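Everything below concerns the one structure shown next.
The values are calculated or read from the model by the stated rules, or taken from the named source; none is laboratory data. These figures come from a predicted structure and were not determined experimentally. Because the Cβ atoms are built from the backbone with ideal geometry, glycine has one as well, and the counts that use them run over all protein chains shown.
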Amino acid sequence: MHTTLINAAKAAFQSAFQSEPEHIFLSPGRINIIGEHVDYNDGYVLPAAIDKYICFAVKKQQDSETCTFFAADLNESFSFNISEKQSPVGQMWVNYLLGVVDAIQESGKTVGGLQIAFSSTIPMGSGLSSSAALECGFAYILNILFDLQFSKKEIALIGQKAEHTFAGVQCGIMDQFASVFGKENKVMMLDCNSLEHQYYDAQLNGYSLVLFDSCVKHTHLTSGYNDRRKDVEVGKEIIKSHYPGILNFRQVTEEILTELKEDMGDLAYKRCLYLVKEIKRVEEAVKALSENNPEYLGRLMTETHTGLSQEYEVSCNEIDFLVEEALKEESVLGARMMGGGFGGCSINLVKEDQADRISRNIEEKYRKAFGIDMKVYKINISEGIKEYTDNEFII
Ligand code: ADP
Ligand code: MG
């Protein structure tokens, strides 16, 4: 189980530090089944941790304040004094780790020296949340090895804070929550306002989740993210001015939006319409899972894609193509863009025994259309961050 990755991390540790690691930790990436762009808009999301991990090989350094990292996949190292005040550095990957140290220092707790080598099967920057796996994995390690007594929720929040302050990414809390709280074969419904969450069985009746990585990221479009936030704010203000009792998007109906459409203008209306429908879709998706109804779940995922593409307008040609092609297949129950948008992965609910054939078919069409080799990730829903020892997880 994950032997190749664990061996790679151990070998990296041995070559970087000429000794054996004392601990192995696995920190997973995540998918989000449905609930896109609602994490910062009063919504619920439905994420799950997956069997793609950053594996950390770790040794505590007694009587030392030096922390040394070896990022095996980048072949880069970084060393710093873990007791000193930190500030962001030029090596981007280091900032996720320094941000964690900074957040822990702010809480008034003390940590000591470490040697860490890490290697990963989570593709970087594809929307599977390698960044949360990195920052939360490290926070989890410090928590265990220095007995800091943080709760899992605090670990997720430390990870988010690190990303905000040191990496400069104003992310929501979903990625960190999924990486820390994931459970095998369960998806979680996370209320992004209260952080309450419930687990649901991921019974997919012979269907599986397959990701198609478009291998594009239109960064010139990502300013669109801030524009979306502005459009939504405009809409929200108008709703509040007519309905002062409404505090968040959960209370808004499509009827209210239709009534206020002229006031809002077309853009704000479309953005808000997407959000209101998406919040409802997540609630329906939970029903679909509870009722063992993957067909309905698939339909909801596809509706989300239509909304993301036409109402929220955060898709791109490559992802629209992957979704359209997938939906031409009878054995695909649903497909949608996953993540922030403008590239990254699509997530597809595909009949298990057809997944290879369909993936190959779409791979070929994508290459013909865009001249790009896409990647296919078959994933299983798995446990959150864990220490791993002698082929067993320690909780
Ligand atoms: P995502 O979280 O969707 O994968 P992000 O852009 O949020 O994408 O985070 C990716 C960044 O996280 C990388 O650019 C790198 O700085 C850091 N990172 C992730 N995985 C690794 C790794 N295996 N080695 C070094 N840095 C990593
Ligand atoms: Mg990220």
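Could you check the range 328-344 and list, in sequence order, the residues that are assigned to a strand (DSSP E or B) and under 20 Å from the mean Cα position of the chain (by Cα)?
The answer is 334, 335, 336, 337, 338, 343, 344.
Considering each of 16, 8, 103, 71 in turn, give the residue that is farther than 30 Å from residue 185 by Cβ and over 23 Å from the mean Cα position of the chain (by Cα).
Residue meeting the stated conditions: 16.
Can you name the residue in the range 127-142 that is near ligand 1 (Cβ under 6 Å from one of its atoms) and in contact with a Leu (Cβ under 9 Å, 6 or more places away or on another chain) and, of all such residues, is modelled with the highest pLDDT?
The qualifying residue modelled with the highest pLDDT is 134.
Can residue 170 be described as among the polar types (S, T, N, Q), modelled with pLDDT under 95, surrounded by fewer than 20 Cβ atoms within 10 Å (Cβ to Cβ) and not assigned by TED's automatic domain parsing to the domain that holds residue 353?
yes
Considering only the range 154-163, state which residues are within 12 Å of ligand 1 (Cβ to nearest atom) and farther than 20 Å from residue 46 by Cα.
Those that are within 12 Å of ligand 1 (Cβ to nearest atom) and farther than 20 Å from residue 46 by Cα: 162, 163.
Any chance the range 13-35 includes a residue that's closer than 30 Å to residue 172 by Cβ, crowded, with 24+ Cβ neighbours inside 10 Å, among the hydroxyl-bearing types (Ser, Thr, Tyr) and within 12 Å of ligand 1 (Cβ to nearest atom)?
Checked against the condition, which is being closer than 30 Å to residue 172 by Cβ, crowded, with 24+ Cβ neighbours inside 10 Å, among the hydroxyl-bearing types (Ser, Thr, Tyr) and within 12 Å of ligand 1 (Cβ to nearest atom), the range 13-35 yields at least one hit.
Can you tell me which residue is farthest from ligand 2 (Cβ to nearest atom) among those in the range 172-189 that are within 17 Å of residue 36 (Cα to Cα) and over 10 Å from the mean Cα position of the chain (by Cα)?
Filtering first and then ranking leaves 189.
Within the range 321-352, which residues are acidic (Asp, Glu) and without any contact (Cβ under 8 Å) to a residue 12 or more places away in the chain?
Result: 324, 330.
Taking residue 325, is it of a type in the set (D, E, K, R), surrounded by 15 or more Cβ atoms within 10 Å (Cβ to Cβ) and assigned to a loop (DSSP other than H, G, I, E, B)?
no
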